[in-house]
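To start, the structure under review is shown below, and the notes come after it.
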Amino acid sequence: MNKNYETVSIDLARIEKLTEQIDSICSLDIPSDIPNGDMPGDKIEIGESHIEKARTIFPELVKEIQKAASANPYHRATVCVCGGSGVGKSEIASILSYMLTQAGVKSYTMSGDNYPHRIPMYNDAERLHTFREGGMRALADAGICDAKVFETISKLQKDEDDANEAHVNEYDWFAHYLKGGKTALTNYLGTNSEIDFGEVDTILDAFLNGADKLWLKRMGRDEATLWYDEVDMSETSVLILEWTHGNSDNLNNVNIPVLLNSTPAETLEHRRSRNRDGKLDAPFTMMVLEIEQNKLKDQAHKAKIIITKAGELIDFDTFKQLMD
């Protein structure tokens, strides 16, 4: 899929003219009903903070797009907007896409959330199973998987409290369970076991190689909502990927990673405001957020643009100081 296509070359002059339009584009009023890309199911609410961040990012993004498009034979560029869950990736990516299009440089926003191997409910279950299986294996390896321990673990699991670090002080064996489970979960989250990075990278590669159209996956939250749309890319200069994992080492065809930085506490607050799920404060959810945050931190050195929650552009050295 996405390997057979006609090629088109975009007029580079459109991108070269972006520089002289920066001020006028950054002063645009942003409507609330702009196109939101193809993200599956989530609620999009564009606020003033999203608009201000997009306005801050835009001049730097223009520079990076001009460099990437000039080096590409088809005058195209790929951008990822990445960051922790609920930090505003969808909103800011949509605004940046709108700003580019208003400047005469057509762009398209695609969501990486359409490309896990499993629909959300099954993927959530697989994450939890992976954690628990890793924890139980660690207990077995340590030789402490007796009936009393199993009874306690079973109760903690039924109470959805078996990822709670507080139990380390209560049970002398719990550290083995927690460490084993967290290691297994780390080896699953944001890896090829969870996500079809190959399909995403094929899409990015086809776009950069001039594809006139792309087949893009649509994934809802149940088994009956999975399909593909054929999307016309013949006049599109910039493909924006909005995704937590957009800066992953498993992707080779992202020209311009843009990192929306946030602490785990800030990420949790964003999730609360979006009402993304009903278990925001659960220990397991907090563990998932922590692992995602650590992976974003490890990948941050590749980001071309980093912006803080407060809307300040920072370099990687400053990022390291903030996150240490």
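The values are calculated or read from the model by the stated rules, or taken from the named source; none is laboratory data. Computed from a predicted structure; not experimentally measured. Cβ placement follows ideal geometry from the backbone for every residue including glycine, while neighbour counts extend to all protein chains displayed. Areas reflect the complete protein model, heavy atoms only, side chains present, ligands, DNA and RNA absent. Shrake-Rupley method; radii C 1.70, N 1.55, O 1.52, S 1.80 Å.
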- Query: With the calculation restricted to Cα positions, what are the radius of gyration and Dmax of segment 101-178 in angstrom?
  - Reply: 20.0, 68
- Query: So, by mean Cβ neighbours within 10 angstrom, what's the order for 74-81, 53-60 with the highest one leading?
  - Reply: 74-81, 53-60
- Message: Need the full-extension length gain, Glu235 to Ile30, defined as separation in residues times 0.36 nm minus the C-alpha distance. One decimal, nm.
- Response: 71.5 nm
- Query: What accessible area per residue, rounded to a whole number of Å², is obtained for the chain using a probe radius of 1.4 Å?
  - Reply: 47
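Please state the charge dipole magnitude for the chain, taken about the Cα centre, from unit charges on C-beta atoms (+1 on K and R, -1 on D and E), reported in debye and rounded to the nearest 20.
280
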- Cβ-placed point charges (K, R +1; D, E -1), dipole of segment 126-222 about Cα centre in debye, nearest 20: 140
- How many percent of the accessible area of the chain is carbon or sulfur, using a 1.4 Å probe? 47
- Query: Over segment 20-127, one equal point on each Cα, no solvent: what is log10 I(q)/I(0) by the Debye formula at q = 0.12, 0.23 Å⁻¹?
  - Reply: -0.46, -1.34
- Item | Among Thr318, Leu156, His117 the positive-end extreme of the charge dipole of the chain (Cβ point charges) | Thr318
- In the chain the DSSP beta bridges are antiparallel at a rate, in percent to nearest 5, of 40
- Message: I'd like the Kirkwood hydrodynamic radius of the chain, using the inverse of the mean 1/r over distinct C-alpha pairs, in Å.
- Response: 21.0
- Task: Pop out the Kirkwood hydrodynamic radius of segment 63-114 from its pairwise C-alpha distances, inverse of mean 1/r, in Å to one decimal.
- Result: 12.1
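Write down Rg/Rh for segment 97-226, rounded to two decimals, with Rg from the C-alpha atoms and Rh from the Kirkwood relation over Cα pairs.
1.18
Please work out the ratio of the alpha-carbon Rg of segment 147-224 to 2.2 N^0.38 Å and round it to two decimals.
1.79
Assuming R0 = 35 Å, what is the FRET efficiency of Ala224 and Thr191, from their Cβ-Cβ distance, to the nearest 0.05?
After rounding to 0.05, the efficiency reads 0.80.
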- Item | segment 1-124: relative contact order in percent, alpha carbon pairs under 8 Å with at least 6 residues between | 37
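Step through the table entries Lys217/Lys297; Lys213/Lys295; Lys217/Lys295; Lys3/Lys320; Lys3/Lys304, compare each Cα-Cα distance with 30 Å, and write down the pairs that go over it.
Among Lys217/Lys297; Lys213/Lys295; Lys217/Lys295; Lys3/Lys320; Lys3/Lys304, the Cα-Cα distance tops 30 Å for Lys213/Lys295; Lys3/Lys320.
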- Of Pro59, Ile144, Ile95, which is farthest on the positive side of the dipole of segment 1-144, counting Cα position, with +1 on Lys and Arg Cβ, -1 on Asp and Glu Cβ, and the Cα centre as origin? Ile144
- Item | Within segment 1-93: Cβ-based charge dipole about Cα centre, in debye rounded to nearest 20 (Lys, Arg +1; Asp, Glu -1) | 400
